[in-house]
Amino acid sequence: MKTPLIIFTLAFSFFISRTTFGQEGEKLFKTNCGACHTIGGGKLVGPDLLGVNDRHPEAWTLKWVKSSQKMIKAGDTTAVRLFKENNGMPMTDQSLQDSEIKAVLAFIKGQGAVAQAPAAEKTAEIATIVTTPAKEKMAQDPSVLNMFSTSEYILFALFLFLVIVIWVLSSAIKTLTIAEK
């Protein structure tokens, strides 16, 4: 009887962790990046980060966020160019883990997709798909509809199905064992 509970708990934890990952990216962006950068709002102190995922490889971005000055001193041509384009304003080194930077990049990518869609198209899509309470949530977090991929929904459904099958089989075996005695 404990097995289905364990499987369900693991599946639910996976599902919840994906939600938390998206929220963590937003929180980290606001805390560490938002004072100097926008996503689709133009240059602040540092460049607009709209499309940053397409401009630079992830491995490069991870190193840049951790220590841009180290990359500039090492002569990385992209790092030097960015430094010059931003009037020699150094980016503050961030003491973030790779997973945290990836969460921020995922948040930026989600916000970028929203920022790039035409406003009328977004409004029509929201009106046809989303209920009124969800529209309010959408206004707070436009990436909520794209939080999970189709494969993640399928994976969660399979986990749930597996839990139900195991529970039914476990109950049937238990019933048969009791009936034999």
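Each reported figure results from applying straightforward, stated rules to the coordinates on display, with no laboratory input. This structure is a prediction, so every number in the text was calculated from the model and none was measured. With ideal geometry, Cβ positions are generated from the backbone for all residues, glycine too; neighbour counts draw on all protein chains shown.
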(message) From Cα pairs below 8 angstrom and at least 6 apart in sequence, can you work out the relative contact order of segment 34-116, rounded to a whole percent?
(response) 34
(request) Work out, step by step, the length gained on full extension between R81 and S170: first 0.36 nm times the residue separation, then minus their alpha carbon distance; give nm to one decimal. (result) 25.7 nm
(message) Starting from 0.36 nm per residue, how many nanometres of slack lie between C36 and A179 once their C-alpha separation is accounted for?
(response) 44.5 nm
(message) Treating only the Cβ of Lys, Arg, Asp and Glu as charged (+1, +1, -1, -1), what charge dipole size does segment 34-116 show about its Cα centre? Round to the nearest 20 debye.
(response) 180
(message) So for each of 98-110, 57-69, 80-92 I average, over its residues, the number of other beta carbons within 10 Å; can you give me the resulting order with the highest mean first?
(response) 98-110, 57-69, 80-92
